[in-house]
Amino acid sequence: MVRIGDLTILVPVDVSEAEPPVLDVLDHLGAVEVVLLGYFPVPDQAEPALLRDQYGPGAADRLDAVADEHGGPVEVLVFTHDRESTIDRIADEYDCDAVLTAGRSTVVDRVLVPLRGDLNLDRILAVVADLLLAGDETATLFHSVAEDADPSQGELLLMGAVDRLVEHGVDRERVDWRLSESGDPRTDIVELGAEYDLVVLGETEPSLRERIMGDVLSDIVDALEVPALVVRDVE
Amino acid sequence: MSAEGGELERTLGFLEAMTLGGGTMIGAGIFILPGIAAQTAGPASSIAYAIAGFVALLAALSLSELATGMPIAGGSYHYVNRALGGLFGAVVGWGMWTGLMFASAFYMIGFGQYLVEPIPFLDGRVFIVGLGLLGLVLLLGVNYYGTEESSAFQNVTIGVETAIVLVFVAVGVFFIDPENLEPFAPFGPGGVVATTGIVFISFLGFEIIATVAGEIKNPGRIIPLSMILSVVLVTILYVLVMLVSTGVIPFESLGDSPIPVSDVAVTYLGPAGVVAIVFAAIIAAISSSNSSILAASRVIYAMGRDGVVTDWFNVSHPRFYTPHRAIAATGGVTALLILVGLEVEAIIALLAEAASFSFLVAYSLVHVSLVVFRRTDPDGYDPSFALPRPVYPAVPILGVGLSLVVVSQMATVVVVIGTGIVAFGVVWYAVYARGRVVSEGLLAEAIRGTPAEPYRVVVPVANPETQRGLLRLAAASAHANEDRGTPELVAVNVTPVAHPSPLQNVEADRADHQRDLLENARDVATEMDVTLRTRAVVARDVGEGILDVLEEEAADEVILGWDGTLGRDDHVFGATVDPVVRHAHCDISLVDLRDEAVGTPVALVAPGPNAPVVAHQAVEFATVDEAVPTLLNVQPPRGAGDSDAENRGRAVVADVAEAAGLDPDEYEVQVVVADDVGQAVVEATSRYDTVCVGLSGRVEGPRIPFGDVTERVVQDVPSNVALIRGS
């Protein structure tokens, strides 16, 4: 399912925190549908309803305050033991293409798009195209070549991706690409990300190793100081 | 706009439910009790485990149906409270709470025994009790600070624990000496039944699945599946463990051991086997004790929600968000129970039996509750898993019968303690809870059977400020129509849910709404002496929800609150009211209560099909404050000096009153002669407290017509306004 011109993003906010997250980036994305998810993490010990009884109104107020600051998007408030499954459920219900994390950017001019391979590529490019068509930022497509892989493969991937964006109606001048041969995608993305205002990443099914050792993606997202837009892998 | 107060996520899947149920069950019960069981029943103690498992299975079957009908926190306590009312609710609530504390103390002493016994120089009760307390303190600490998403860790530890027990059984069957199993039942059937009462505690845990029902995904499927499957599998496992234990070691020497399973394992698995069994026993004790503490805090939450105990327990920690007071209270009493172990030699069997007693009583009442629910079939009880016939009457009957048999064979001291706890629940209800508890239960209804044909007035309520006034009007209406049927009020609250999903817990919302509704509505109902039922409905749209209820209840009349605005945002009366006015097939009163007092009503009557309904409604509303309503007619003069206008007006009123079946002493008449009818109506009606106006015409298509006069009344008259349309 590739959609153009109908981008919906989910923005999860922890409403148990008194300090609202930095979401200035939301005001610079142009005409994008936003679903604001306020989640209240519930420890295993408590019944979710117990915390809702006590903190429901306060949490709703916080969520309303965040929403008011950013143009009054759709709001959902959930009390949950499991943040991840709540994000998944709400993203499914509201048909969201991507999930935005908070970060320090105050403008959105430059977008970094690391690409791994063909996995999820169509969806990522569709989201990037929507983003570029809705606003006026420029994008850099980026690929980090694996240690013993042929760099020309990466070039091909990136050039093909640029063409796809142009096919979607994006002005070719707003898109460039970069290839890295350092062999360490994680460091590349985190370092390069600092020069950009937003990073668009593709979500992938975690491998067994990632399940045990920790998710590479969430590791990158945590390390990034700028906001990240994680494109969901629905299939 | 966010949904009111927020959604509740369901996060426990099948695997989590199974590990929760199985992990709680496979605890100290199977690692400690084989010794005591062997002492009292010999090799036939495996039969005792099988009977206890069967009793647990019966409870699991009844609980499955109830839990899928009401997937909400509280488990047995909640179902009994709903079905049998606050008295039994208090008995079961306190019984479960104390039972869980007994169980938790039992697990921790078992934990101490398994740590102390293998180490020769650490002998003695003081060490056992001390280690038990230490373990408890650690557990309380963890639960006080709170944990998040620890299920992966739990799955692994409980998996390892189960695997060790499976190896123990699988290898052990080859070492069974048939001679050890002779005689099979040295203490006869009495010994077996008495043992059943002790070992029943080994099955506590499956109910935890019902206690956390509000957090289980797809509750209709996962609750019955995990509950029944875990009881069956665990029963088979226990029977095998007991057969292996009594088959490998003569039951006399098994009975002397505080760590029987480890003593069996050493004979064929060597020291490695002992280490593994000790490890499994410790994990089992900790996980069972932990689950019991958590289950207790959920029972306390449910009791606080229903007003059976103070809500003080349910204030969660400002930083960790844990129910720290409930956890601390449970932990404190559990610690005292462990300390009793210093003085009382047979503490472990006593704790086990006392916990079993509490839960056997609770499950008996659960079986009775199932019967009550089936008989009354209350609204909102629509279990997705229902016991088929003939399983249905058989399960609750057998369940109660067997529980009584088991209880009858328990030690006197346990029966005294258990009866004391039940008595405490009764006293607690009488002294503390009676005034606060809102649940009346369905017992009376179940015995009475179905009532005669009612005259039913439905009142959707949402706003606590206006619901009182609306209910009073509705009660008055129902009473005034006593000749058409037994007056009955149905208060409805619709919870709008944008995206109903099996992953979201809306039951808790229903319960909360119902509680507020009940408290408020019951006062009014008692005051007005009318039967009241409440319905809490979940629907995509409030208007649709109300229409569904009107349809299902075959309502005679609906009284809708309305904020007195007309024609805003493409709606005539509002997004909720419009569809009801458009599609309802009963009498409708749209009421804008601007003042608390209903006082003296006035009905604006003019010839038309609606007028008798309007006049009758004014008479009904007048009974609230025992006033006499006025029927008002405004006549424009036919030319100057028309002296007949007054008489024409009186004739109109008389006709309408007759059509409405009113006696002349039930109303006053007022006729105003004026050129400007609208102005005259506004001036005349402003002197009354409540104005009843007809909602003209039948509604066809998207438009809801209302006349100019109606509009002027709504906008210019300061009194309460009721717009009325006949069916």
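The values are calculated or read from the model by the stated rules, or taken from the named source; none is laboratory data. Keep in mind the model is a prediction, meaning the values are calculated, not measured. Note that each Cβ is placed from the backbone with ideal geometry, even for glycine, and that neighbours are counted across all protein chains shown. When the accessible area is computed, the model is the full protein with side chains, heavy atoms only, and any ligands, DNA or RNA have been set aside. Shrake-Rupley method; radii C 1.70, N 1.55, O 1.52, S 1.80 Å.
I'd like to check something: does the stretch B:340-360 contain any residue that is under 19 Å from the mean Cα position of the chain (by Cα), under 19 Å from B:A103 (Cβ atoms) and in the same structural domain as B:G86 (by TED's automatic domain parsing)? So that I can check it myself, show each step before the final result.
So in the stretch B:340-360, the residues under 19 Å from the mean Cα position of the chain (by Cα) come out as B:359.
Those left that are additionally under 19 Å from B:A103 (Cβ atoms): B:359.
When the remaining residues are screened for being in the same structural domain as B:G86 (by TED's automatic domain parsing), the result is B:359.
Taking every residue of the stretch B:340-360 in turn, at least one turns out to be under 19 Å from the mean Cα position of the chain (by Cα), under 19 Å from B:A103 (Cβ atoms) and in the same structural domain as B:G86 (by TED's automatic domain parsing).
From (1) open to solvent by 10 Å² or more (accessible area, probe 1.4 Å); (2) within 14 Å of chain A (Cβ to nearest Cβ); (3) assigned to a helix (DSSP H, G or I), pick out the condition that doesn't hold for B:V299.
Result: B:V299 fails condition (1) only.
Whether any residue in the stretch A:166-173 is loosely packed, with under 15 Cβ neighbours inside 10 Å, in the same structural domain as A:E191 (by TED's automatic domain parsing), among the basic types (K, R) and over 16 Å from the mean Cα position of the chain (by Cα) is what I want to check.
For the stretch A:166-173, residues loosely packed, with under 15 Cβ neighbours inside 10 Å, in the same structural domain as A:E191 (by TED's automatic domain parsing), among the basic types (K, R) and over 16 Å from the mean Cα position of the chain (by Cα): present.
In the set B:A17, B:A41, which member is out of contact with any Leu (no Cβ under 7 Å at 6 or more places or on another chain), within 14 Å of chain A (Cβ to nearest Cβ) and in a helix (DSSP H, G or I)? It would help to see each step written out before you state the result.
Working: B:A41 fails: within 14 Å of chain A (Cβ to nearest Cβ).
Exactly one residue qualifies, and that residue is B:A17.
Residue pairs, Cβ under 6 Å, 6 or more apart or interchain, first in the stretch A:14-31 and away from chain B (no Cβ under 14 Å), second open to solvent by 70 Å² or more (accessible area, probe 1.4 Å). List them.
Pairs that qualify, where the first residue is away from chain B (no Cβ under 14 Å) and the partner is open to solvent by 70 Å² or more (accessible area, probe 1.4 Å), are A:V22/A:R104; A:D24/A:T106.
Here are some conditions: (1) facing chain B (nearest Cβ under 8 Å); (2) out of contact with any Leu (no Cβ under 7 Å at 6 or more places or on another chain); (3) of a type outside the set (S, T, N, Q); (4) not in a loop (DSSP other than H, G, I, E, B). A:P43 meets all but one. Which one does it not meet?
(4)
Restricting attention to the stretch B:269-296, which residues are of a type in the set (S, T, N, Q) and either free of Cβ contacts under 8 Å to residues at least 24 places away in the same chain or open to solvent by less than 10 Å² (accessible area, probe 1.4 Å) (or both)?
B:S288, B:S289, B:S292
Among the residues that make up the stretch B:295-312, is at least one of them in the same structural domain as B:T419 (by TED's automatic domain parsing), more than 28 Å from A:A49 (Cα to Cα) and out of contact with any Phe, Trp or Tyr (no Cβ under 9 Å at 6 or more places or on another chain)? Steps first, answer last, please.
Let us first name the residues in the stretch B:295-312 that are in the same structural domain as B:T419 (by TED's automatic domain parsing), namely B:295-312.
Checking the rest, the ones that are also more than 28 Å from A:A49 (Cα to Cα) come to none.
The answer is no, given that none of the residues of the stretch B:295-312 is in the same structural domain as B:T419 (by TED's automatic domain parsing), more than 28 Å from A:A49 (Cα to Cα) and out of contact with any Phe, Trp or Tyr (no Cβ under 9 Å at 6 or more places or on another chain).
Name the residue that is most open to solvent (accessible area, probe 1.4 Å), counting only residues in the stretch A:75-103 that are of a type in the set (A, V, I, L, M) and more than 8 Å from chain B (Cβ to nearest Cβ). So that I can check it myself, show each step before the final result.
Of all residues in the stretch A:75-103, those of a type in the set (A, V, I, L, M) come to A:76-78, A:87, A:90-91, A:98-100, A:102.
This time we only want the ones that are more than 8 Å from chain B (Cβ to nearest Cβ), so: A:87, A:90-91, A:98-100, A:102.
On the way: A:I87: 15, A:I90: 0, A:A91: 1, A:A98: 0, A:V99: 21, A:L100: 2, A:A102: 53 Å².
The selected residue is A:A102.
So for the stretch A:193-205 (the condition being assigned by TED's automatic domain parsing to the domain that holds A:G160, part of a helix (DSSP H, G or I), modelled with pLDDT of 85 or more and open to solvent by 80 Å² or more (accessible area, probe 1.4 Å)), does at least one residue qualify?
No, the stretch A:193-205 contains no residue that is assigned by TED's automatic domain parsing to the domain that holds A:G160, part of a helix (DSSP H, G or I), modelled with pLDDT of 85 or more and open to solvent by 80 Å² or more (accessible area, probe 1.4 Å).
Does B:V656 satisfy the criteria of being touching a residue at least 24 places away in the same chain (Cβ under 8 Å), in a helix (DSSP H, G or I), under 14 Å from B:G694 (Cβ atoms) and open to solvent by 30 Å² or more (accessible area, probe 1.4 Å)?
Details: touching a residue at least 24 places away in the same chain (Cβ under 8 Å): yes; in a helix (DSSP H, G or I): yes; under 14 Å from B:G694 (Cβ atoms): yes; open to solvent by 30 Å² or more (accessible area, probe 1.4 Å): no.
So B:V656 does not fit the description; no.
Could you go through the stretch B:632-649 and let me know if any residue there is surrounded by fewer than 23 Cβ atoms within 10 Å (Cβ to Cβ), under 29 Å from B:A478 (Cα atoms) and without any contact (Cβ under 8 Å) to a residue 60 or more places away in the chain.
No, because not a single residue in the stretch B:632-649 is surrounded by fewer than 23 Cβ atoms within 10 Å (Cβ to Cβ), under 29 Å from B:A478 (Cα atoms) and without any contact (Cβ under 8 Å) to a residue 60 or more places away in the chain.
As an exercise: evaluate B:P396 against (1) within 25 Å of B:I222 (Cβ to Cβ); (2) open to solvent by less than 10 Å² (accessible area, probe 1.4 Å); (3) touching a Gly at 6+ places or on another chain (Cβ under 9 Å) and give the number of the one condition it does not meet.
Against the list (1) within 25 Å of B:I222 (Cβ to Cβ); (2) open to solvent by less than 10 Å² (accessible area, probe 1.4 Å); (3) touching a Gly at 6+ places or on another chain (Cβ under 9 Å), B:P396 comes up short only on (3).
Give the stretch B:68-77 a look and list any residue that's over 8 Å from B:P383 (Cβ atoms) and not in a loop (DSSP other than H, G, I, E, B), or say none.
Selection gives B:S76, B:Y77.
Being of a type in the set (S, T, N, Q) and modelled with pLDDT under 90 is the filter here, so list the residues in the stretch B:203-228 that pass it.
Once the filter is applied, which keeps residues that are of a type in the set (S, T, N, Q) and modelled with pLDDT under 90, the stretch B:203-228 yields B:T211, B:N218.
For the stretch B:131-168, enumerate the residues that are surrounded by fewer than 17 Cβ atoms within 10 Å (Cβ to Cβ) and over 30 Å from B:S316 (Cβ atoms).
Listed by number, the residues that qualify are B:G159, B:V160, B:A163, B:L166, B:V167.
Just checking, how many residues over the stretch B:535-579 are within 30 Å of B:M70 (Cβ to Cβ) and surrounded by fewer than 19 Cβ atoms within 10 Å (Cβ to Cβ)?
10
Can you tell me which of B:V371, B:V413 is in contact with a helix residue (DSSP H, G or I) (Cβ under 8 Å, 6 or more places away or on another chain), in a helix (DSSP H, G or I) and under 28 Å from B:G190 (Cα atoms)?
Result: B:V413 is the single residue among B:V371, B:V413 that is in contact with a helix residue (DSSP H, G or I) (Cβ under 8 Å, 6 or more places away or on another chain), in a helix (DSSP H, G or I) and under 28 Å from B:G190 (Cα atoms).
Sort out which residues of the stretch B:302-330 are part of a helix (DSSP H, G or I) and either modelled with pLDDT under 85 or open to solvent by 10 Å² or more (accessible area, probe 1.4 Å) (or both), and write them in order of number.
Result: B:R305, B:D306, B:D311, B:W312, B:F313, B:N314, B:H324, B:R325, B:A328, B:A329.
Would you mention how many residues in the stretch B:255-288 are modelled with pLDDT of 85 or more and within 13 Å of B:F31 (Cβ to Cβ)?
Residues flagged as modelled with pLDDT of 85 or more and within 13 Å of B:F31 (Cβ to Cβ) within the stretch B:255-288 amount to 21.
Among the residues of the stretch A:58-65, is there at least one that is part of a loop (DSSP other than H, G, I, E, B) and more than 9 Å from chain B (Cβ to nearest Cβ)?
no
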